[in-house]
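Visitor: First the structure, which I've put down as structure tokens, then a few questions once you've had a look.
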Amino acid sequence: MKTAVTALDLETATTLDHALRLLRTAPRTPLAGTTDLYVELNFGTLKPRRFLDIWALDELRDISLRGDTLVIGALATFTSLIGSAAVQARLPMLVEAARLVGGIQIQNRGTLGGNIANASPAGDSLPVLAAVDAILVLQSVDSERRVPITEFYTGYRATVRREDELIVAIEVPPVEGRQYFRKVGTRAALAISKIVIAGVKGAVPRVAFGSVGPTVVRARRTEAALAAGQDIEAAVRILESEITPIDDLRSTADYRRRVAGKLLRRFWDR
Ligand SMILES: Cc1cc2nc3c(=O)[nH]c(=O)nc-3n(C[C@H](O)[C@H](O)[C@H](O)COP(=O)(O)OP(=O)(O)OC[C@H]3O[C@@H](n4cnc5c(N)ncnc54)[C@H](O)[C@@H]3O)c2cc1C
């Protein structure tokens, strides 16, 4: 362990309002489940030294239906997503994604808000949320705004979130069509994805990929080709031009490009 937590400047928020006031006073890195941040802390690579622990904010844990909209609190853990009847009924592919995140311990601590805010293109929930046009609710002490997840990321690990804002909830409109999720990793458990697909095959096809570019990719030109009745091979060629995978320690660009096409075929043909 390279970092002693006592050397850090840590505030613990007791309510959402308390958290937002602290963030307005001075920038602080929010700590939710800390499953991503702790890795960096442990390696001594985390630059920020001022933190705000938001784990105690129970008002951000709720999962409910508001009219037609599924509303998931940002602090909902993967375990609570898996156990939620509302998520099982409305967004089963998010349950599938949650089951494949890390192991049980990570699922118990890791939150949906943390997965989104961490902004890794390999975050497993991101393609699911992008494929269903989820909306992120960002709150500061005196404002609230709703940002489609497809507009949240501006580049690699970069988002439009302001330093005084927290993601407080994720809103998922009704999803019509068959949902499909597939994660390709080195092994079933505890593996960061090499590539992820999430799609909805309905009147309007929607498909998104993880780990094929600097941010999650909603493949809109591919969707348009499928919607227009082009055959799947034409759609695969369009997809290959729409993604920009890279070589890294988990896989190669070439492998990712080929597997993306295979996953699109499976999604479409099933
Ligand atoms: C062993 C291991 C295995 C893993 N496996 C997977 C996997 O299979 N798939 C996968 O996708 N991820 C995986 N992860 C990564 C991690 O568990 C997830 O990204 C998790 O969802 C992060 O949530 P958290 O609450 O722990 O985030 P934290 O570590 O607390 O925070 C992550 C980032 O989000 C910010 N943040 C957190 N909550 C908010 C909020 N409400 N508003 C604004 N900013 C916020 C933090 O400031 C930080 O920048 C793994 C991690 C480990 C250590």
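Visitor: Do you know which residues across segment 122-146 are away from the ligand (no atom under 12 Å from the Cβ) and hydrophobic (A, V, I, L, M, F, W, C)?
Guide: Start the filter on segment 122-146 by keeping residues that are away from the ligand (no atom under 12 Å from the Cβ), which leaves 130-135, 141-146.
A130, A131, V132, A134, I135, V141, listed by residue number.
Visitor: Tally time: how many residues in segment 57-67 are under 17 Å from S140 (Cα atoms) and open to solvent by 50 Å² or more (accessible area, probe 1.4 Å)? Give the derivation first.
Guide: Within segment 57-67, the first condition is being under 17 Å from S140 (Cα atoms), and the residues that meet it are 57, 59-60.
From the residues that got through so far, the ones that are open to solvent by 50 Å² or more (accessible area, probe 1.4 Å) too are 59.
Of the residues in segment 57-67, 1 are under 17 Å from S140 (Cα atoms) and open to solvent by 50 Å² or more (accessible area, probe 1.4 Å).
Visitor: Counting only residues that are at pLDDT 95 or above and farther than 21 Å from L31 by Cβ, give me the strands (runs of 3 or more DSSP E) lying completely in segment 124-169 with at least 2 of them. Break it down into steps so the answer makes sense when it comes.
Guide: Values: elements: 135-139, 144-148, 153-155.
Because the criterion is at least 2 residues that are at pLDDT 95 or above and farther than 21 Å from L31 by Cβ, the strands (runs of 3 or more DSSP E) in segment 124-169 that meet it are 144-148, 153-155.
One line per residue, one yes/no per condition, for (1) of a type in the set (G, A, S); (2) under 19 Å from F181 (Cβ atoms):
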residue	(1), (2)
D53	no, no
V71	no, no
A74	yes, no
T77	no, yes
S80	yes, yes
R90	no, yes
V101	no, yes
G110	yes, yes
G113	yes, no
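Visitor: If you don't mind, another one. State yes or no: is L23 more than 30 Å from V196 (Cβ to Cβ), in contact (Cβ under 8 Å) with a residue 40 or more places away in the chain and surrounded by 21 or more Cβ atoms within 10 Å (Cβ to Cβ)?
Guide: Yes.
Visitor: Shifting gears a bit: Tell me, please, whether a residue that is under 21 Å from the mean Cα position of the chain (by Cα) and closer than 20 Å to L138 by Cβ can be found in segment 9-21.
Guide: Here is the first cut: in segment 9-21, the residues under 21 Å from the mean Cα position of the chain (by Cα) are none.
Within segment 9-21, not a single residue is under 21 Å from the mean Cα position of the chain (by Cα) and closer than 20 Å to L138 by Cβ.
Visitor: Among the residues of segment 169-182 satisfying the criterion of being among the hydrophobic types (A, V, I, L, M, F, W, C) and within 14 Å of the chain's Cα centre (by Cα), which is farthest from V204 (Cα to Cα)? Reasoning before the result, please.
Guide: First, pick out the residues of segment 169-182 that are among the hydrophobic types (A, V, I, L, M, F, W, C): 169-170, 172, 175, 181.
Next cut, within 14 Å of the chain's Cα centre (by Cα) only: 169-170, 172, 181.
Working: A169: 26, I170: 22, V172: 16, F181: 17 Å.
In this case the residue turns out to be A169.
Visitor: Additional query: Scan segment 78-121 for residues that are within 11 Å of the ligand (Cβ to nearest atom), in a loop (DSSP other than H, G, I, E, B) and open to solvent by 10 Å² or more (accessible area, probe 1.4 Å) and jot them down.
Guide: L100, V101, G102, G103, S120, P121
Visitor: Report whether or not T154 is of a type in the set (S, T, N, Q), within 15 Å of the chain's Cα centre (by Cα) and open to solvent by 10 Å² or more (accessible area, probe 1.4 Å).
Guide: Numbers: of a type in the set (S, T, N, Q): yes; within 15 Å of the chain's Cα centre (by Cα): yes; open to solvent by 10 Å² or more (accessible area, probe 1.4 Å): yes.
Spelling it out, T154 is indeed of a type in the set (S, T, N, Q), within 15 Å of the chain's Cα centre (by Cα) and open to solvent by 10 Å² or more (accessible area, probe 1.4 Å).
Visitor: Could you say which residue among V147, V137, V160, V141 is open to solvent by 40 Å² or more (accessible area, probe 1.4 Å) and closer than 21 Å to V217 by Cα? Spell out how you get there, then give the answer.
Guide: Values: V147 fails: open to solvent by 40 Å² or more (accessible area, probe 1.4 Å); V137 fails: open to solvent by 40 Å² or more (accessible area, probe 1.4 Å); V141 fails: closer than 21 Å to V217 by Cα.
After ruling out the rest, the residue left standing is V160.
Visitor: Which one is farthest from the ligand (Cβ to nearest atom) among residues in segment 26-56 that are of a type in the set (K, R) and open to solvent by 60 Å² or more (accessible area, probe 1.4 Å)? Break it down into steps so the answer makes sense when it comes.
Guide: Restricting attention to segment 26-56, the residues satisfying the condition of being of a type in the set (K, R) are 28, 47, 49-50.
Checking which are open to solvent by 60 Å² or more (accessible area, probe 1.4 Å) leaves us with 47, 49-50.
Values: K47: 11, R49: 13, R50: 11 Å.
Checked segment 26-56; the qualifying residue farthest from the ligand (Cβ to nearest atom) is R49.
Visitor: Here's something else I'd like to know. Yes or no: R61 basic (K, R) and within 26 Å of L81 (Cβ to Cβ)?
Guide: It is true that R61 is basic (K, R) and within 26 Å of L81 (Cβ to Cβ).
The values are calculated or read from the model by the stated rules, or taken from the named source; none is laboratory data. These numbers come from a predicted model, not from an experiment. Glycine gets a Cβ as well: all are built from the backbone with ideal geometry, and neighbour counts include every protein chain shown. Quick note on the areas: whole protein, heavy atoms, side chains included, nothing else; ligands and nucleic acids left out. Shrake-Rupley method; radii C 1.70, N 1.55, O 1.52, S 1.80 Å.
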